[in-house]
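Down below is the structure, laid out as structure tokens.
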């Protein structure tokens, strides 16, 4: 039987940040459950052409990783998902996720 200290629902921007905080900073055994078949949350589900972030991109950046920090004000869906999918080793281990 699997046992976890914390379970996070959703692998969107916030869920991934919570994974980092719980697992890496608090040393909790953490699981992320995501309905989709990949990470990204809203950015995974929004499939319409030209989908873009209408907030300054620092809202979607992570200060714990230079690779995952975003440097321009407005990003496209492709740019945002691309950042999440080129994570350095150890940032988001896929074994910590359950996808549908």
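Every read-out reported here was derived from the displayed coordinates using simple, explicitly stated rules and does not represent laboratory data. Here the structure is a predicted model, which is why all the values come from computation and not from measurement. Every residue, glycine among them, receives a Cβ derived from its backbone with ideal geometry; neighbour counts consider all protein chains shown.
Tabulated results
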{"quantity": "Pair residue 45, residue 27: separation of 7 Å Cα→Cβ label points (nm)", "calculated": "3.6"}
{"quantity": "Residue exposure sequence - 48, 17 - by fewest surrounding Cβ within 10 Å", "calculated": "48, 17"}
{"quantity": "Where a label projected 7 Å from the Cα of residue 100 along Cα→Cβ would reach, residues of the range 5-37 with amide N under 13 Å", "calculated": "10-11, 33-37"}
{"quantity": "Cα→Cβ-extended label distance, 7 Å offset, between residue 38 and residue 78, nm", "calculated": "1.3"}
